[in-house]
Structures are given as structure tokens and as C-alpha cells.
Amino acid sequence: MAKPRYDALVDHLRERYGDRLRWVATFDSDRFTYRVRAIRADLETDLSEHQLDTIVHRSMAIFDRDRMDDVYFHLGEVEAMLVQHEVAMAVHLYLEESTGVVVKVERDAEVTMPTQVDEWLDVLGWD
């Protein structure tokens, strides 16, 4: 499978959400690593590297694909998950066994599933 086009996804999300896009990070839960692909300027100062590190690592641990598949085994493999918070929403997009993307947007941003998830996968070049 081709390498995901993360830059294309970030460009797409910035165009769609503008300032309502908070940040985008890719992750590998087997290696427990992540890479911030985009972060809104005001959050760059609000979220220290340590805070963002804690947020993404906890997210990988709690929303691990294997764990989600175990819980919802009767529904098939998990593809994406939306978590709505008081001030923001997080979309976890699972690509392979341990890799994926977390997209964090403002709470008032519109996210539709599965339409946008399929659109994002298409932009990534992921079949």
C-alpha cells in the first residue's frame, strides 16, 4: 500500500476547517510514537510539548485499535471514532493495525461520518 499523504490531508483539513482545526497528529501505538503534523498557533503556546505528549500518549493507550476491536468484536474492525468534548472533538482515524491519525477540531466544526472519514482516506491515498 502507498505511503499516506499526510501533508495533503493537513492541507485539506486546513481548507475545510480554517481556524476550527486545532491539531493533527499521526501515531503508531505499537511503537508508542506520534508526530504532530499541524497545530494551530495559539495552541502551540497553550499546549506545551509535555502536555501534548501526555494527551496523545493517553489517547493511544485508551483508544487503541486492538482494544476497540476487542470491545466491539461483533461489529468488525474499527475504522474511525469520534469523541466529543466540552470544547473540541477528536476524530481517531485508524489506518493499519497500529497506525492512524488524530484530528482535533473545535466543537462547533461539522464532522460527518462516514462521509468525511471516507473523504479523508481518499485524500490520504488510502484504499
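Values for this structure:
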| item | result |
| --- | --- |
| Selected from Leu43, Thr33, Val102, residue furthest toward positive end of dipole (the chain; charges at beta carbon) | Leu43 |
| Cα-centre dipole for the chain with unit charges at Cβ (Lys and Arg positive, Asp and Glu negative), debye to 20 | 260 debye |
| Distant-in-sequence amide H partners of Arg22 (H built 1.01 Å from N, under 5 Å) | Lys104, Val105, Glu106 |
| Percent of alpha-carbon pairs separated by more than 27 Å within the chain | 12 percent |
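Every number here is computed from the coordinates shown, using simple stated rules; none is lab data. All values derive from a computational prediction rather than experimental measurement. With ideal geometry, Cβ positions are generated from the backbone for all residues, glycine too; neighbour counts draw on all protein chains shown.
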